[in-house]
Structure formats: structure tokens, C-alpha cells
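Report on the following structure.
What follows draws every value from the coordinates through simple rules; no lab data is involved. Since this is a predicted model, take the numbers as computed values, not measurements. Neighbour counts are summed over all protein chains in view; Cβ atoms, including those assigned to glycine, are modelled from backbone coordinates with ideal geometry.
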């Protein structure tokens, strides 16, 4: 047997004969002295992996690296489940004895032990707001925990078998559980009771997944099927064909309007419009699948599987199939993305004009949501918060914009999609809008009327081609800038700027962000932004203020002023009002709003420190004064 932590990584990743050529094993290593019982990827980076085993240890790994970054000990029994928080700073571990340990990964120390389950804790999941998590056990109970109080605040009873899977809805108001009793239950956290029973599967539930933007829930089971549920009607709207082995994991592929079902021998992709037949099917050879994550725009799926003490990391290429969007009928549940050109190993970026608006309402709870009479009540109930905390949902906005002072108001239908970015791409993707004559004779022969079509002679294009070939580095810079502008435009059109940090990966992307910032200011689109957008934009502006280019710094100062004008009052008011509310009054929507406001406040503090004292002239001084006043009253 190989020693613990001996990860094997080869330059040519292995590929068992039974697997498709589009699937390969990236890495395999011995993770624990005994059997590895669970493994989970971090949601923020997708590059941090936690494993737990019979040796009562939790080991933290960097994907692709052979040795563990840290090993956490002190658990009293076998580690059965674990989960990272959204920032990958806290880890909750569930054990076979029923206890749970909370770890602060930054300080590598145990922050506390929570007890409450009578038997093995088999599933844990963090709430989207980060301060709460859920646990499910073989004792059939679901518990909601408050990390700050280190206590259970809700207990839900209703399953007749061990709870095997837990997922929170993106807006944080519901939680779905699946159990060995073949039941899927949907619980309302604000009402503190069972909302619906989804009872069609004929085997134990192995996976549940909410669609991040639509009223859809996916479930997988040992009955070898995956089912799709409408969260408006609470009915099953689709079922996959019977597979050869139990479904182990379900994942929504939002960018392609698809859902992925994984078993030990097959990875299938289905359109959310129709689960039969599959759009793509890959043969795999992984047993004990624990977790998987889709990387976009690389269009790769990372899967983590365990067998005995070993952990295997697999990669599946999703981009070499025909686009789901091309095969799927339009409408129904959301936007479609079309793509042009042949597939390649490069990242795909949408071109101008390929983003269609989202159809339907934002995911803020079903219309006319029913509550069944006589449903079991929670032992302790969270106080009901806002009736529709849209700002906390993280969903793509679809309704007309409301004033920025109303946090609940979503951004209006895409305005950045109207920005004139096509002319940036035109020089790289097609002929210019006006040809340039290369000789005096050609100029003389040019049409006199301005409405007559102008056509460039072949010599002009040859010269352009020669010029481009002589400056490949500059062409690469310009091409990247165009691609980044289009990606930013799509993010704006989708109403989701939370991924800005991932798109703007370095100083070379500052120019693209400045293009977007100037367009927003010129077209006065700031009223279409919400607090989520403000929180995503401020870290980018911090980076921009450290740029060596005066034009970038000047744009950053102007944009900081715009954000301060639109969100300063809201942030100050929220922080002041929440400080006066007794701690015992728990409101999930208010907690999330306060978290966002605190994050923006911290960013504004750092921006004040970075503001130039000379660059930016009088505007910089005015912004500094406004920032100081805002920070003092907040």
C-alpha cells in the first residue's frame, strides 16, 4: 500500500480503457490510513479539496498537488461528511458519532464542537449567507445551526430514513433534503415547516440540486433515474431513462441550459427542456463519486471519487460536443447561448449579439406558493423576514429597475447589452465600416455620394494581413481586450457581476473594465445596479487605483464617486439600523443585506487609503472628502 499523501501526477494523465477519450484521470493519491469516507471541493476556487476518513482525520489538498496542505485531527469518530463555506475559510465536519466540528482554516484550529444528532451525521451544507449551516443524520432529523451562537436554531422532523443529501435554495429561504426513504422534502425556513413532499423516486435519494436561476430542482436516486421538478407547480416535469447504475450526482450546467447526471459508469448531459434523449453521454470509470464541479468558460467538469483509501480526481471535457443551445428549443426556462466557429481547446467567449434576455420572473419564490395544512412544525422557528428578499437571492434580475436605495430592487433588463462594443471587435472579426483607399487613383474613383457602398480593394486586406502578422503581440492584446469586453457585456446582460474577479484576472484586463465603467457612466446606467454589483465592482476599483496608468486611475476615481452616490446612503442606513436590533431577532434577509453592506464599507475604507493625492486633480480631493464623511456617519 502506498504511503499516505503520495499523490501521483503524470505529465500524460491516465485514461482507463473503459473511459471516453474526453475523460481522463488527472490525479490519484492515498488520502487516509483507512477508507476515505467523503470528499468535497471548495465552491469559491474549485481548487481546494477536503477529504475525511476512517482514521478520524480531515486532510486539505490543492488539486493537482501531491501533498496535503494541512491535516486536521481531534475528531472522536469516523468522518462521514464535510463542507466548506463560500469563502473556503471555515470547514464543518460531520462524524459517525453524531457530533460536528467547526474548523477555522485560516488559523488551522477547531472553533467548536456541536452536538445534537443521536446517530451518524451523514450530510452537511452551508447556507448561502454563510453564518448558518444544515446537518442531516441517520436519526432522520434535519437541523439548522447558527455558527455565531454555536447552537441549533431549528429542527425538522419528517423523514423515515437517514438523510443523505441537503441543498439550500439560492435565495436562502428553502432547503431540500433527500433520504434513504426515497423521499425528497422541501422545507420553508422562514415559516419553519414542511412545504412539499416530492415522492416519485423508488430508491434512496443520492443527490439534490437547485437551479441557480430558475424554478427547477434536480434529484438523483439509486433507482437509476434523475428527475426534474418545477418549483412553481411542485410537479415532476421530466425523468431520465433508466441507467445501468445508480445516479450519484446531479449538477445544473447553467451556461448551456442543461443538467448533468453522473453515475459510476456514465456522465450524461440533458437539456432542461427535455430529459430524453440525452444530449451527450460519456463513458466513465469512477466509483464512489463524492463531488463534481463545472469550470466555465473552460467547459471542463472536475469529479472527485473515492475507493478505499484512494482519492481520484477526474476531468471531463464538455465542450467538444454540439452546443446544447443549438439542439434545444428556445423559451421555457431561460436564456440560450449560441456559439460560432469550430470547437477548440481554447476558452469560448460569446460574441456580440448572442445574448438573449432572460424570460420569466426572477427566482424569488413561487407565485401563489401553497402551504399544506397540518404539516409538521419546526421545534424552533426562524422569525419571518422580508416576503421577497430579491437582493439576497443572487438571481439574474429581470424586472424594471427601482431606485438604488431599495435594496430589494433587481437591476433592470440588460442595459450594457446596448453598449457599442461591436466596433471594437470589427477590426478583428470583419471588414471595417469604411474602407480606406490605398492610392490616389483609388481615391479619385471613390463614390461621390456618402450613401453608396464602399468596398476595399484586395490590396488593402493584404496590407492589413501583413501588418497584423508583423505585430502578433499587439494583435493578441487587442484580441484579448475585445474578448473581455464581450464577456463583461454578457455578465451585465445576465444581471450578474459577481464573477468579475474571475474574469479580470490581471492588470492586462484593466482596459476592458475601464471600457465598461466609462460606458456605464456615459449612458447613466448606474441606477440599474444593485448592492451585489457594488460589492463585486469595488475590489476591481481597488486594483485599478494602483495602476501605473493615469487614465485608469482617473476612471476608477470617477466610478468610485458614482458608487458612493448611489449606495452610500443605503449602506450607512443599513449598518445603523441593524446595530439597534436585538441579536435574538433572526432575519435571514437582513443578515445577508448587512453582510453585503459591511463588505462594501470595508472596500470603501481601503479605497480611501489608495486614493491618489495628486493624480485625479480636484475630483480626487472631492471623492476623498465624501468618503471620509460617509465612513464617519456609517
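With the Cα gyration tensor of region 32-297 in hand, give its eigenvalues times 5 under a square root as the equivalent ellipsoid semi-axes, listed largest first in whole angstrom. The partial results should precede the final answer.
Working: eigenvalues 156, 97, 58 Å².
The three semi-axes for region 32-297 are 28, 22, 17 Å.
So how much slack lies between residue 579 and residue 202, counting 0.36 nm per residue of separation and subtracting their Cα-Cα distance, in nm? Walk me through the numbers on the way to the answer.
Working: separation 377, 0.36 × 377 = 135.72 nm, distance 4.96 nm.
Taking residue 579 through residue 202 to full extension adds about 130.8 nm, to one decimal.
In percent, what relative contact order does region 32-297 have, based on Cα pairs under 8 Å that are 6 or more apart in sequence?
On the way: 753 pairs, mean separation 22.8, N = 266.
Dividing the mean separation by the residue count of region 32-297 yields 9 percent.
In region 175-330, what is the volume of the convex hull around the alpha carbon atoms, normalised per residue and reported in Å³?
Working: hull volume 19.3 nm³, N = 156.
Output value, Cα hull per residue: 124 Å³.
Please compute the modelled spin-label separation between residue 20 and residue 295, points set 7 Å along Cα→Cβ, answer in nm with one decimal.
1.8 nm
Simple spin-label model, 7 Å along Cα-to-Cβ: residue 151 to residue 479 in nm?
6.1 nm
Express in whole angstrom the spacing between the alpha-carbon centres of region 80-105 and region 107-164.
Region 80-105 and region 107-164 have Cα centres spaced 10 Å from each other.
If we count other beta carbons within 10 Å of each Cβ, what is the order of 295, 121, 600, fewest first?
By the 10 Å Cβ count, ascending: 295, 600, 121.
Let's test the formula: R0 of 30 Å, r as the Cβ-Cβ distance of residue 551 and residue 467. What FRET efficiency results, to the nearest 0.05? All intermediate terms of the calculation are to be shown ahead of the outcome.
Values: r = 26 Å, r/R0 = 0.85.
That pair, residue 551 with residue 467, gives E of 0.75.
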